[in-house]
Amino acid sequence: SRRGFLGLLLAAGCGAEVSGERLTSRLPLPPKFTRPLVLPKTARPTSPGRYVVTQRPARMEIIPGTTTEIWGYDGAFPGPTFDLRRGEQAVVTINNDLTVPTSTHLHGGVTPADSDGHPLDLVVGTTRPHHGGSTLHHRTRDYVYPLDQQAATLWYHDHRMDFTGPQVYRGLAGFFLIRDDEEDALPLPRGDRELPLMICDRSFEADGSFRYPALDPTLLFRHGVRREFMEGVEGDVVLVNGVPWPYVEVAAVSCRLRLLNASNARRYRLALRPGGSFTQIGSDQGLLERPLTRETITIAPGERYDVIVDFARYPVGSHVTLTDLLGGDVMRFVVTRRARDDSRVPSKLARPQPVDNPVARRTFDFRVKESTWTINGSPYLPGRSIAAPRLGTTEIWRFASDFHHPVHVHLGRFKVLGREEQGWKDTVDVRPYETVEVAVRFDGYRGRYMLHCHNLEHEDMAMMADFDVV
Ligand code: C2O
Ligand code: CU
């Protein structure tokens, strides 16, 4: 049976030391809130509906005074932001100028299976691939995104079999926004009052390179099963759009923050200091029916929260810190001036889309068995399908777990039953020993998709399964 590359390393190194802390950077960390927030560049079409993006290494000054080699879409981390409209198909050509194979998944996209970025549907880089049975594209491939779906904050990232963790950690992730007329008709903050914020954590080696333990197997063999692999890899530096603990100047107006947790493994419980609340307007798959006020937002890897923060409630000159109640600060907003604000949050947002009657129920049990990471008793087996939902139907899927697993379903969008989350989602954080039920709808396309844990180290240890929409 297959355990995944990390699983094999784990088995080989099997001791028992579990060290709890985040990976410590081996260079001095910069002071917080001294670097300005940067917004990723917007992807520009080469002709209407056509985009070309090249994955390549680049050097980037993340920690002031040193540079880090990143692997980026167009050499950027985060990659360029796609800002597109519902129903306007985009064809994205990905050129792979890295030395490793890649697969690009549009997370949250209703995408034909052959453009979904399956982990074995690889674009071969400048060296030969390792996987038997893969679909191989030499150096380049077109991904077709019809985008026939509700406006939402999606993101794209690498999904290579066994190596998603290290490849995303090196920078292969970006925003993919879909807009539509329904959302445009609402008086929400827009323009520079709308900020996509990709939050992720990293650690650094003394030479400025990213510190990722799988790149340092001696550690594994010396210490046996390390907590990084049980809990996933967590770093001691929080980046927002690739900048450590940035600040951004805002007017005393409402701003829309599109929060994405692109961390490999870390979850955040976000709050505002000195006080204040978030008005949640959207979730993974777009606008809620009604806004919700939240004091804190717990966001797991892969999840998105679309929120409004009203900076008019703070005096000019205030420092408003976005902090993580689970362990440290994230970024700071500096309220610099008064300004006119015509935006508001209407009491009705998306048109109601009730859940259809489910036609089937299935249980997926996420469990760690002796360093094998399984769903329903099996680690990922290429070619094996675990379920066959019918196109256009709704099913109840139960996710049971022994551990903390952010579960993500490709193609299907779901509502979480019996918990506080609202709206349509594609990722749900299943807590240790919890069972979560979701009502998942399969719209769009027939074909092979997958579900998996979005803790990227768990995913790389083969906690994934294919299913077929029939
Ligand atoms: Cu964001 Cu299959 O993953
Ligand atoms: Cu997991």
Note to self: So if each residue of separation counts as 0.36 nm, and I subtract the Cα-Cα distance between residue 435 and residue 342, what length gain in nm does that give?
What the structure shows: 29.2 nm
Item checked: Within the chain, helix-based [θ] at 222 nm, where runs of 4 or more DSSP H residues each add -39,500 (n - 2.57), nearest 500 -> -1500 deg cm²/dmol
Check: About its Cα centre, how strong a charge dipole does region 5-182 have in debye, to the nearest 20, once Lys and Arg get +1 and Asp and Glu get -1 at the Cβ?
Finding: 620 debye
Checklist line | Net charge of neighbours whose Cβ lies under 9 Å from the Cβ of residue 179, counting Lys and Arg as +1 and Asp and Glu as -1 | finding: -3
Item checked: Around residue 469: net Lys/Arg minus Asp/Glu count, Cβ-Cβ under 10 Å -> +1
Next item on the list: Quick one: order 443, 466 by neighbouring beta-carbon count within 10 Å, fewest to most.
Entry: 443, 466
Note to self: If you take every residue apart from residue 196 with its C-beta less than 13 Å away from the C-beta of residue 196, what net charge results, scoring Lys and Arg +1 and Asp and Glu -1?
What the structure shows: +3
Item checked: Shape category assigned to the chain from the gyration tensor of Cα positions, a/c cut at 1.5 -> rounded
Item checked: Under-28-angstrom lysine pairs by C-alpha in the chain, whenever the two are 8 or more apart or on separate chains -> 5
Check: So how do 459, 421 line up by other beta-carbon neighbours within 10 Å, fewest first?
Finding: 421, 459
Next item on the list: Please get the size of the charge dipole for the chain, origin at its Cα centre, with Cβ charges of +1 on Lys and Arg and -1 on Asp and Glu, quoted in debye to the nearest 20.
Entry: 360 debye
Next item on the list: Could you size up the charge dipole of region 374-455 around its Cα centre, putting +1 on the beta carbon of Lys and Arg and -1 on that of Asp and Glu, and report it in debye to the nearest 20?
Entry: 360 debye
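Every read-out reported here was derived from the displayed coordinates using simple, explicitly stated rules and does not represent laboratory data. Just so we're clear, the structure is a prediction, and the values are computed from it rather than from any experiment. Positions of Cβ are backbone-derived with ideal geometry, glycine not excepted, and every protein chain shown enters the neighbour counts.
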